[in-house]
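The numbers here are math on the coordinates, done by the rules we state, and not lab data. Here the structure is a predicted model, which is why all the values come from computation and not from measurement. Note that each Cβ is placed from the backbone with ideal geometry, even for glycine, and that neighbours are counted across all protein chains shown.
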Amino acid sequence: MHALQGSLFDQTDEIRLGPLSPLERTELGAGAWVDRLPGWLTGADALFEHLAAEVPWRAERRQMYEREVEVPRLLAFYGAGDPLPHPVLTEAREALSRHYAPELGEPFVTAGLCLYRDGRDSVAWHGDRHGRSATEDTLVAILSVGDPRDLVLRPRDGGPTLLRLPLGHGDLVVMGGSCQRTMEHAVPKTARAVGPRISVQFRTRGVL
């Protein structure tokens, strides 16, 4: 795994969250939207190092057509009631639940983590449409630490990319409304020399 390139703007070991403002909302159409807050977390490089070392990362293999392939990233999952691997993640989940309560109507309860080791690790185009999000509006909040990687969004039926967000170093993005049903998102592979990134995805009950 390539070494993490620290942010020039985050040279602190104090891991803490800022206020959830000013969130910038982008309307994507068809009831889908994305909120973004760069640098919500300070001490992001220190949190990256902690999570990279302490989380029980696992590699997975999945059936792809007629063959089994390795998932191009490492994974970890914390279900409802599971203690999270750092107190600031619990604080982040609670802050997000409070902030989005009027729109969401329920708390975030799970956390899925992905470790992208280098530019060869990726996520293909998809929507989080397993479970309740297949038929209901929902929110998925993603906190990123490590080197930035692009999160790209496009309409579910294809077409041009509507939004490209470089996420890392404590950035927050929240996909809301109909986003999981009407849009797709991906983290593409890149030939650029990039260091590792960890994303933490907070979801509500029954959203996978």
- Task: Starting from the Cα gyration tensor of the range 71-135, take the square roots of the eigenvalues, sort them a ≥ b ≥ c, and report rounded, prolate or oblate (rounded when a/c is under 1.5, otherwise prolate if a/b is larger than b/c, else oblate).
- Result: oblate
- Query: Any idea what Rg and Dmax come out to for the range 26-203 if you just take the C-alpha atoms, in Å?
  - Reply: 15.7, 45
- Item | Positive minus negative residues near Glu184 (Lys, Arg vs Asp, Glu; Cβ under 12 Å) | +2
- Message: Can you pull out the GluC sites (Glu not before Pro) in the range 56-115 whose DSSP state is coil and whose Cβ has at most 12 other Cβ atoms within 10 Å?
- Response: Glu60, Glu66
- Message: Please list, ordered by chain and number, the residues whose modelled amide H lies under 5 Å from the amide H of Val109; skip anything fewer than 5 residues away on the same chain.
- Response: Arg203, Thr204, Arg205
- Task: Assign one of three labels to the range 122-186, namely rounded, prolate or oblate, based on the Cα gyration tensor with a ≥ b ≥ c the square roots of its eigenvalues; rounded applies when a/c is under 1.5, prolate when it is not and a/b is larger than b/c, and oblate otherwise.
- Result: oblate
- Message: Given Cβ point charges of +1 (Lys, Arg) and -1 (Asp, Glu) and nothing else, what value in debye, to the nearest 20, does the dipole of the chain about its Cα centre take?
- Response: 560 debye
